[in-house]
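Have a look at the structure below before the remarks.
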Amino acid sequence: MNNATGQIDLGKLLANKSITTWFQPIVSVKQHSIVGYEALSRGIQPCTKELIAPNTLFSLAAATNQLVELDRICREKALENYKPLSTLNERKLLFINFDTAIIDEGVVGSGNLNNCVQRLEYKPSSIVIEIIESKVCDIGALKSFVARHKELGFLIALDDLGNGHSNLDRIFHVRPDIIKIDRWLISGLDTDYYKQELFKALVYMAKKTGSLVIAEGVETEAEALASLEFGADLLQGYYFSRPQPLEVICPLCFNNKLDHISSSFRNSKLRKITNDCCKKNDYHILLRDVLEQLSTTSPDYFEVTLQQAILNNPLIQYLYILNIDGTQITDSIGVPGSAGGQISAIFQADRKGTDQSLKEYCMFIQAGLETYMTEPYISLANGNPCITYSITFRDNTNKQHILCADFIP
């Protein structure tokens, strides 16, 4: 594929509409189906017929003020080239990219896209317009563009979310039907705790605002499983298929991969459920002795009991006790000299008297549970990931308290 701009006759290429389209599937593992295809344009060198990479093509068009013409031709060719596949199943979505740099040039409603869709007898509701919102400076023009095309029936997707350049406030301006989480965040998602938390935050925001989530750039089974585990609705990437010309696409060829990942995801979820149940049981066993001691101890001696207990439990970061109202009645007891993490004004262990009533490990107990285990989170005591396990007990006067243990995940 040609990546050099020097020998490309862009004028001739545009005059001849020398653009081809490759397609990459977007799949639903839970529905066990392909829900649509993203159209990806490639230029064709007029003389040599060599393919031209899209980045090269669009960079040259931008440099020569021909971006609007190129963008329109790419969309037109995508719609034309997709037609044979759309007639096989009208329910499949076609994702087409809209170079949002032209929105700042005032191209927000010429009707070019809609006219092409009508001419080729597509339903606008089967077309998803992909926008990289971070490339748009004029938020007013962006909102006008989105509003006009939504009114016509098109679906809107925000692309490349989570790549470090996205303006997340624009999600609320655009109110997309779909958000696509960028490959940067997907890479290593199965092992990177911080990426996992950012991914879950984006998913949470999408669900609350009515958007579906596509994890794009999925290249490994582990990334696919992690994306599903943390809430992605749809997946796209080399793990399923590289972009291909229409004539070599075989939808049935994806069935084996979907069978495999569906089975793997089901098994993974079952293992997680089993592991969580075992983990809660293990935590309870680890705390059994200290609970027995606390049940025969006066609150005046709770901290002594906790100090002895934590020396025998290397998996515990901190132990502390709350009254049933959520007020901490002991200091947070950790192993001396082994706090680690990021000790600073931000990360400090809570002391006796701290109000913990709004912490979920307290609120769930107050709601009636006898035990509760949080998901992993960053501890404000030391900046390290932890899981808090909380359990009720009664002291030597039969007064109820809550024992909290911060475990290393």
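Quick one: would you say residue 175 is of a type in the set (D, E, K, R), surrounded by fewer than 17 Cβ atoms within 10 Å (Cβ to Cβ), over 22 Å from residue 198 (Cα atoms) and modelled with pLDDT of 80 or more? Write out each step before concluding.
Details: of a type in the set (D, E, K, R): yes; surrounded by fewer than 17 Cβ atoms within 10 Å (Cβ to Cβ): yes; over 22 Å from residue 198 (Cα atoms): no; modelled with pLDDT of 80 or more: yes.
Here the answer is no, as residue 175 does not meet what is asked.
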Requested in this report: Might you check whether a residue that is modelled with pLDDT of 90 or more, among the aliphatic types (A, V, I, L, M) and surrounded by fewer than 16 Cβ atoms within 10 Å (Cβ to Cβ) occurs anywhere in region 250-270?
Outcome: yes
Query raised in the report: Out of region 306-325, which residues are surrounded by fewer than 20 Cβ atoms within 10 Å (Cβ to Cβ) and either closer than 22 Å to residue 397 by Cα or among the aromatic types (Phe, Trp, Tyr) (or both)?
Result: 307, 308, 323, 324, 325
Query - Options 232, 226, 215: the member that is crowded, with 16+ Cβ neighbours inside 10 Å, assigned to a helix (DSSP H, G or I) and among the aliphatic types (A, V, I, L, M) - result: 226
Query raised in the report: Restricting to region 344-371, what's the tally of residues that are among the aromatic types (Phe, Trp, Tyr) and more than 21 Å from residue 200 (Cα to Cα)?
Result: 2
Requested in this report: Take residue 76 and decide whether it is surrounded by 13 or more Cβ atoms within 10 Å (Cβ to Cβ), in contact with an Asp or Glu (Cβ under 8 Å, 6 or more places away or on another chain), among the acidic types (Asp, Glu) and at pLDDT 90 or above.
Outcome: no
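Could you please give the count of residues in region 235-249 that are surrounded by 16 or more Cβ atoms within 10 Å (Cβ to Cβ) and at pLDDT 90 or above?
Looking only at that region, the number is 7.
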Report task. Answer with yes or no whether residue 243 is outside the structural domain of residue 31 (by TED's automatic domain parsing), in contact with a Leu (Cβ under 7 Å, 6 or more places away or on another chain) and closer than 30 Å to residue 85 by Cβ. Result -> yes
Query raised in the report: Are any residues in region 235-250 among the hydrophobic types (A, V, I, L, M, F, W, C) and in a helix (DSSP H, G or I), and if so, which ones?
Result: 246, 248
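The values are calculated or read from the model by the stated rules, or taken from the named source; none is laboratory data. Here the structure is a predicted model, which means the values were calculated and not measured. Every residue, glycine among them, receives a Cβ derived from its backbone with ideal geometry; neighbour counts consider all protein chains shown.
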